[in-house]
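Notes follow the structure.
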Amino acid sequence: MDLSAFFAGTAGSIPTARRGLPALLVRRGGDRILFDCGEGTQRQLVASVGLTDLSEVFLTHFHADHWLGLPGLLKTFDLRGRDRPLAIHGPRGLRDLLGLALRASGRVRYELELVELEPGDVVARDGYRIAAIPVAHRTPAFAYVLFEDERPGIFDPEVAERLGLRAGPEFGRLQRGETVNGVTPEEVMGPPRPGRKLAISGDTAPCESLRIAAHRADLLIHEATFALEEAERAAETGHSTAGQAAEIAKTAEIRLLALTHFSTRYPVRVLRDEARAIFERTVLPRDFDTIEIPFPERGEPELIRWENRDQLEPSAAEPPLAPIRDSAA
């Protein structure tokens with residue numbers, strides 16, 4: 001089961017020639033989950049992996065740079081003939097916000113399920129869950145933690161044979177949790193293995209709730225709007241420095257830290273060097289880069305640059321959507 005994070009936009013509040021506003025596409029198996037949708041997100045997707053038919057959307061908060069691209073994206077889905085429901089999750093106030101936005105941009109013909117989350121709510125999906133973690137910003141805001149269910153332990157065929165079982169269907173039944181000829185799965189299976197874990201900060205000052213929720217995550221994607229020299233400004237505005245994000249990663253025992261939400265006032269290398277002095281396993285994705293998150297026994301999370309995208313598995317390619325329909329239809 002593949003799990004990856006595609007960076008559709010990595011800028012802070014102001015887009016640049018090379019960085020769009022915040023948007024992250026998480027791909028797990030056949031699910032396509034968009035976290036935040038800054039202005040221009042659909043154009044970023046069209047220019048890269050394609051405008052994939054999203055499974056659902058999660059908004060971290062309602063500052064314009066994190067959601068203003070959503071009305072246009074929803075309308076494009078409508079023009080392309082989407083007919084299945086789309087769930088959009090966010091803090092309290094989501095219904096009022098999107099109700100106003102859609103009155104201005106136009107209604108859509110498919111069902112929108114607007115889900116207002118409370119701190120600590122967990123959205124359950126097939127094989128994984130997404131938790132809403134309250135963070136410290138100037139407005140109600142969430143981080144999100146996606147964590148997979150535990151996986152079965154490793155099957156030991158030698159033990160099974162010593163207990164009198166034969167390779168073939170009997171082995172398969174044991175691995176599916178059945179007892180076979182008096183032999184229980186617990187006798188031939190190792191301990192359960194944890195699933196993978198991905199934490200996404202949104203906008204936040206250094207936050208204990210996120211540090212705890214992200215503990216031992218495979219990947220933490222954390223904002224780094226400021227450098228150390230402007231730590232006071234970061235605190236005033238509810239943001240983090242690169243060093244503060246690295247401290248969170250270090251104390252939470254993260255496998256890989258990815259910094260985003262860069263201010264235009266710094267060369268990226270300034271933030272990189274500040275973070276790596278504290279937490280060496282830090283990367284700074286560019287727009288259209290991907291981080292692949294394998295199971296721990298298969299290697300470390302890896303940043304793949306857009307120009308090296310041929311390294312990605314073929315399954316990462318997005319299928320094209322249906323042709324767009326005339327708006328008068």
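The values are calculated or read from the model by the stated rules, or taken from the named source; none is laboratory data. None of the values given here were measured: they were computed from a predicted structure. Neighbour counts are summed over all protein chains in view; Cβ atoms, including those assigned to glycine, are modelled from backbone coordinates with ideal geometry. We work out accessible area using only protein heavy atoms, side chains counted, and drop any ligands, DNA or RNA first. Shrake-Rupley method; radii C 1.70, N 1.55, O 1.52, S 1.80 Å.
Excluding Leu165 itself, what net charge comes from residues whose Cβ is under 12 Å from its Cβ, given Lys and Arg +1 and Asp and Glu -1?
-3
May I ask what percent, to the nearest 5, of DSSP beta bridges between residues of the chain are antiparallel?
60
So what's the projected area for the stretch 146-191, the Cα convex hull averaged over all directions, in nm²?
Over every viewing direction, the Cα hull of the stretch 146-191 projects on average to 3.3 nm².
Just reorder Trp306, Trp67 by solvent-accessible area, largest first, 1.4 Å probe, all chains present.
The ranking, largest first, comes out as Trp306, Trp67.
Any chance you could run the full-extension gain for Leu79 through Leu100? It's 0.36 nm times the residue separation minus the Cα-Cα distance, nm to one decimal.
Separation in residues times 0.36 nm, less the Cα-Cα distance, equals 5.6 nm.
What are the GluC sites (Glu not before Pro) within the stretch 64-150 that DSSP puts in a loop, where the Cβ has at most 12 other Cβ atoms within 10 Å?
Answer in residue order: Glu111, Glu150.
Using the Cα centre of the chain as origin and beta-carbon charges of +1 (Lys, Arg) and -1 (Asp, Glu), tell me which of Val115, Met1, Pro157 is placed farthest towards the positive end of the dipole.
Val115
Let's see if you can work this out: charge +1 on each Lys and Arg Cβ, -1 on each Asp and Glu Cβ, no other charges. What is the dipole magnitude of the stretch 225-268 about its Cα centre, in debye to the nearest 20?
200
Please report, in debye to the nearest 20, how large the charge dipole of the chain is about its Cα centre when each Lys and Arg carries +1 at its beta carbon and each Asp and Glu carries -1 there.
740
Could you state the angle between the C-alpha long axis of helix 94-105 and the longest principal axis of the C-alpha atoms of the chain, as a value from 0 to 90 degrees rounded to the nearest 10?
With rounding to tens, the tilt is 60 degrees.
I'd like the Karplus ³J(HN,Hα) series for the stretch 254-264: coefficients 6.51, -1.76, 1.60, θ = phi - 60°, whole numbers in Hz, and an x wherever there's a Gly or Pro.
Running phi through 6.51 cos²θ - 1.76 cosθ + 1.60 with θ = phi - 60° gives 6, 7, 8, 10, 10, 8, 9, 6, 7, 6, 6 Hz.
Calculate how steeply helix 242-251 sits against the longest principal axis of the alpha-carbon atoms of the chain, using the helix alpha-carbon long axis, and give the answer as 0 to 90 degrees to the nearest 10.
Long axis of 242-251 versus the principal axis of the chain: about 20 degrees.
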